[in-house]
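Input: a single structure, listed below in structure tokens.
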Amino acid sequence: MIASVLPTYSRAPLTFTSGEGSWLLEADGRRFLDLGAGIAVNVLGHAHPALVSALTDQAAALWHVSNLYNIPAQQQLADALVDHSFADTVFFTNSGTEACELAVKMARKYWYEKGEDRTEIIAFDGSFHGRSSAGIAAAGSEKMTKGFGPLLPGFTHLPFADLEAVTAAASYKTAAILVEPIQGEGGIRPLPDDALKGLRDLCDRHGILLVLDEVQCGMGRTGKLFAHEWAGITPDIMMVAKGIGGGFPLGAVLATEEAASGMTAGTHGSTYGGNPLACSVGLKVMEIVAEEEFLADVSRKAGMFRQRLEALVAAHPDVFEAVRGAGLMLGLKCKVPNADIVQAGYAQGVLTVPAADNVVRILPALNISEEEIGAAVAKLDAAAAQMQGVDA
């Protein structure tokens, strides 16, 4: 008999009842150090007082009115995102998946309004852009698409970071290039800065729109507000979500005025997108995360975390192969099954997230403390020792 909750997840036997900072409390009283942060969502940890206050204050005043009317918090958050990014305009969604749908629509509508038949979008192997029709078509993997055809047409899939392949594939039919600066689900695979610069140059030469998916790597996770800033380039369109709401469902598409020029009144909409509750929380997240001092602290702690993880890999060469990633978007490439490492972590009171290419993702809250980083590595060390059948 089917469960009342559609069984599309293989859930861990854990039920969390409360959280504070980087810690979660299980129903049986056990405490877990959360290195997953709801899959890069809880950038300020659990129950951050400023976010709790922003949400409850707004909830006491107004929950929902729809986008038929002006929403002050939405306008303020849009202004903040524009002020801190390349963008001229923002559309708010409820998720990264919805952001992907709009990014694809925006790119294709741009060329339609220019009178050019350019609909092809170049995407990359190992990518993840959500689980909607456009998202799975953009990813293209059998795991994502099997059984869900016919797929939305118009996507070309190329090897990740292969600039020569992109140059060869780009044509007068190419509307956009869609890429994650760091693949998350794909195994914490950063796109080298020179490759991202190369994509920007290619787009400029051929008039192609560059669309970045920063749903997982954005909002301060790499030590910059957005990961592409490290390469010194800007996109035409960018998808964000996850961390922007600090745990409250929120996403957005940021764009230049030119790239968004086809999206006029009536071309897109959302009942809940940019509602007062989400935007009040998102505005508070931006106020904290966009501060230079906060981002500098993320970079400092990321360097410390990575150094200790490198030592962990060296101490367990039969379990781990390498450390990947940037900032606090890190991955442990495993020699044993990554699911076994995640499971061993449960026994040690630490939560991690599996990814493709046999990688364990480490995506902690950006305000994790130095002491908690030490505790995290100690717990991962104990998990690795458990895998080897020795005492930690």
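The values are calculated or read from the model by the stated rules, or taken from the named source; none is laboratory data. These numbers come from a predicted model, not from an experiment. All Cβ positions, glycine included, derive from the backbone under ideal geometry; neighbour counts span all protein chains shown.
The residue list 166, 179, 211 contains one member that is β-branched (Val, Ile, Thr), surrounded by 24 or more Cβ atoms within 10 Å (Cβ to Cβ), touching a residue at least 12 places away in the same chain (Cβ under 8 Å) and more than 25 Å from residue 322 (Cα to Cα), which is 211.
Which count do you get for residues in region 323-337 that are free of Cβ contacts under 8 Å to residues at least 60 places away in the same chain and under 24 Å from residue 218 (Cβ atoms)? Within region 323-337, residues that are free of Cβ contacts under 8 Å to residues at least 60 places away in the same chain and under 24 Å from residue 218 (Cβ atoms) number 2. In region 358-387, which residues are part of a loop (DSSP other than H, G, I, E, B), polar (S, T, N, Q) and surrounded by 19 or more Cβ atoms within 10 Å (Cβ to Cβ)? Once the filter is applied, which keeps residues that are part of a loop (DSSP other than H, G, I, E, B), polar (S, T, N, Q) and surrounded by 19 or more Cβ atoms within 10 Å (Cβ to Cβ), region 358-387 yields only 367. Looking only at region 28-59, residues that are free of Cβ contacts under 8 Å to residues at least 40 places away in the same chain and either within 14 Å of residue 346 (Cβ to Cβ) or in contact with a helix residue (DSSP H, G or I) (Cβ under 6 Å, 6 or more places away or on another chain) (or both) come to 1 in all.
Yes/no matrix, rows are residues, columns are (1) within 23 Å of the chain's Cα centre (by Cα); (2) under 17 Å from residue 32 (Cα atoms):
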{"position": "304", "(1), (2)": "yes, no"}
{"position": "320", "(1), (2)": "no, no"}
{"position": "323", "(1), (2)": "yes, no"}
{"position": "327", "(1), (2)": "yes, no"}
{"position": "331", "(1), (2)": "yes, no"}
{"position": "336", "(1), (2)": "no, no"}
{"position": "346", "(1), (2)": "no, yes"}
{"position": "371", "(1), (2)": "no, yes"}
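Selection of region 140-158 for residues being out of contact with any strand residue (DSSP E or B) (no Cβ under 7 Å at 6 or more places or on another chain) and in contact (Cβ under 8 Å) with a residue 12 or more places away in the chain yields 141, 144, 148, 151, 152, 153. Output the number of residues of region 344-373 satisfying the condition of being without any contact (Cβ under 8 Å) to a residue 24 or more places away in the chain and under 20 Å from residue 30 (Cα atoms). The number of residues fulfilling the criteria is 1. Restricting 137, 123 to residues that are at pLDDT 95 or above, assigned to a helix (DSSP H, G or I) and farther than 20 Å from residue 243 by Cα narrows the list to 137.
Criterion applied to 123, 78, 107, 87 was being crowded, with 21+ Cβ neighbours inside 10 Å and touching a His at 6+ places or on another chain (Cβ under 6 Å), and the one residue passing it is 123. When each of 222, 267 is tested for being closer than 15 Å to residue 327 by Cβ, assigned by TED's automatic domain parsing to the domain that holds residue 167, touching a helix residue (DSSP H, G or I) at 6+ places or on another chain (Cβ under 9 Å) and not small (Gly, Ala, Ser), the lone residue that passes is 222. Among the residues making up region 217-244, those that are more than 19 Å from residue 303 (Cα to Cα) and out of contact with any Asp or Glu (no Cβ under 6 Å at 6 or more places or on another chain) are 232, 233, 234, 235, 236, 237, 241, 242, 243, 244. The residues on offer are 131, 118, and the sole one that is in a loop (DSSP other than H, G, I, E, B), basic (Lys, Arg) and within 30 Å of residue 19 (Cα to Cα) is 131. Report yes if residue 355 is of a type in the set (A, V, I, L, M, F, W, C), farther than 30 Å from residue 144 by Cα and surrounded by 19 or more Cβ atoms within 10 Å (Cβ to Cβ), otherwise no. When the stated conditions are applied, residue 355 does not pass them. Residue-level check: of (1) buried (at least 24 other Cβ atoms within 10 Å of the Cβ); (2) hydrophobic (A, V, I, L, M, F, W, C); (3) in contact with a His (Cβ under 8 Å, 6 or more places away or on another chain), residue 237 misses just (3).
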